[in-house]
Amino acid sequence: MDELCPLPSVSLWSQISKFQTAAWEEFKRKPISYWILLLLSSSAMLVAFPASSILSRVYYNDGGTSKWIISWVAVAGWPLTALILFPTCFICKTFPTPLNLQLTLAYIMLGFLSAADNLMYAYAYAYLPASTAALLASSSLIFSALFGYLIVKNKITMSIVNAIVVITFAVVIIALDSSSDRYGNVTDSQYIMGFVWDILGSALHGLIFALSELVFVKLLGRRSFHVVLEQQVMVSLFAFIFTSIGMIANNDFQGMVSEARVFEGGKASYYLVLVWSAITFQLGVLGGTAMLFLSSTVLTGVLNAVRVPITGIAAVILLHDPMSGFKILSLVATFWGFTSYIYGSSSASKDFP
């Protein structure tokens, strides 16, 4: 019996060695440019998205009130992606993908859905603490998996099913603990509205990821990185148009001037918050779109969900959001769900690069 004791250790090191060998083989199969783009894209999602969420909450904390302004700012940075696209076309000697009716309609539909999604999240951040809104947004992982399965035919393993159940449990915990983190100036109906809009926005977010991957596969093809930039420019442009129409109808362009006057920190702080919100959000969405091109809906959904606890922790540190025991339990459950999701995704060869 004593002689058998070392066997588990040997088996463990054997498994680690096999994993290292497989990882190295996978690394060699892809050019170094692929891994650089993958690193930059994932970093953009994990840094820019949390920064954008924090800035949205700062806007409301310091005197901002409009939901349309925040949703408009989310897509106002679309020229940033266009500035990246044009040099890419010259350097790579590529031409923009010709627009046909089917592709144009796809861009219009995705632009409309993106505008609606941004407005839903604006309502969520208007009434919920950033950490709570971020934890609720983790449900987008569930919808990314479901829509990815239904639309793009991505695989769903038992580990992914387990992650869906666990993250649903985490969302329920937040709902049961609703009285601990509600702002004093937020009514019960407003808090519930923020909760509902956050879940609906997360569902729509998952649908947009799946439809974006479908556009890549069916209409654009996975030819080169410039198609990622093309898709992002066009979708953001149409989302910008739809949101601008809402801004005009609601007289919010004029409202920006009056908001800047009463904003805590003054006009300069007000416009800096809006400008940096536009930049960070655009970088985050660009990173997410690039991840769809480089990998799939599943890996993008994982990274999109991993940013949730990052946002929550940053909100607690920077905005002094309350962190109750229930919220900590929800955060732990969310981490558990992420781990299960990543494990399940890695077992589906179709889902990873």
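The figures follow:
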quantity	calculated
Residue among Thr334, Thr280 that alone is out of contact with any strand residue (DSSP E or B) (no Cβ under 9 Å at 6 or more places or on another chain), buried (at least 21 other Cβ atoms within 10 Å of the Cβ), at pLDDT 75 or above and of a type in the set (Val, Ile, Thr)	Thr280
Residues located in segment 138-161, provided they are assigned to a helix (DSSP H, G or I), open to solvent by 10 Å² or more (accessible area, probe 1.4 Å), of a type outside the set (Phe, Trp, Tyr) and in contact with a Ser or Thr (Cβ under 8 Å, 6 or more places away or on another chain)	Ile142, Val152, Ser159
One residue from Thr81, Thr88, Thr97 being among the β-branched types (Val, Ile, Thr), more than 30 Å from Ala260 (Cβ to Cβ) and either part of a loop (DSSP other than H, G, I, E, B) or within 19 Å of the chain's Cα centre (by Cα) (or both)	Thr97
Criterion violated by Lys218 - all others in (1) open to solvent by 20 Å² or more (accessible area, probe 1.4 Å); (2) modelled with pLDDT under 90; (3) within 22 Å of Val73 (Cβ to Cβ) satisfied	(3)
Subset of segment 123-144 [under 14 Å from the mean Cα position of the chain (by Cα) and hydrophobic (A, V, I, L, M, F, W, C)]	Ala133, Ala134, Leu135, Leu136, Ala137, Leu141, Ile142, Phe143
Selected residue (only one of Tyr149, Tyr125 is under 27 Å from Asp62 (Cβ atoms) and either in contact with a Phe, Trp or Tyr (Cβ under 7 Å, 6 or more places away or on another chain) or of a type outside the set (A, V, I, L, M) (or both))	Tyr125
Single match in Ala48, Ala116 (criterion: within 17 Å of Val275 (Cα to Cα) and either in contact with a helix residue (DSSP H, G or I) (Cβ under 7 Å, 6 or more places away or on another chain) or in a helix (DSSP H, G or I) (or both))	Ala48
From the options Ile108, Ile16, Ile91, residue that is at pLDDT 80 or above and either open to solvent by 60 Å² or more (accessible area, probe 1.4 Å) or of a type in the set (Val, Ile, Thr) (or both)	Ile108
Condition met for Leu40 (open to solvent by 20 Å² or more (accessible area, probe 1.4 Å), of a type outside the set (Val, Ile, Thr), closer than 29 Å to Ala333 by Cβ and at pLDDT 85 or above)	no
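A quick yes/no check of all residues on (1) free of Cβ contacts under 8 Å to residues at least 60 places away in the same chain; (2) closer than 20 Å to Leu46 by Cα; (3) more than 16 Å from the chain's Cα centre (by Cα):
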residue: Lys218; (1), (2), (3): yes, no, yes
residue: Ser244; (1), (2), (3): no, no, yes
residue: Gly266; (1), (2), (3): yes, no, yes
residue: Ile279; (1), (2), (3): no, yes, no
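The values are calculated or read from the model by the stated rules, or taken from the named source; none is laboratory data. What you are looking at is a predicted structure, and each value in this text was computed from that prediction instead of being measured. Cβ atoms come from the backbone with ideal geometry, glycine included; neighbour counts cover every protein chain shown. SASA here: full protein model, heavy atoms, side chains in, ligands and nucleic acids out. Shrake-Rupley method; radii C 1.70, N 1.55, O 1.52, S 1.80 Å.
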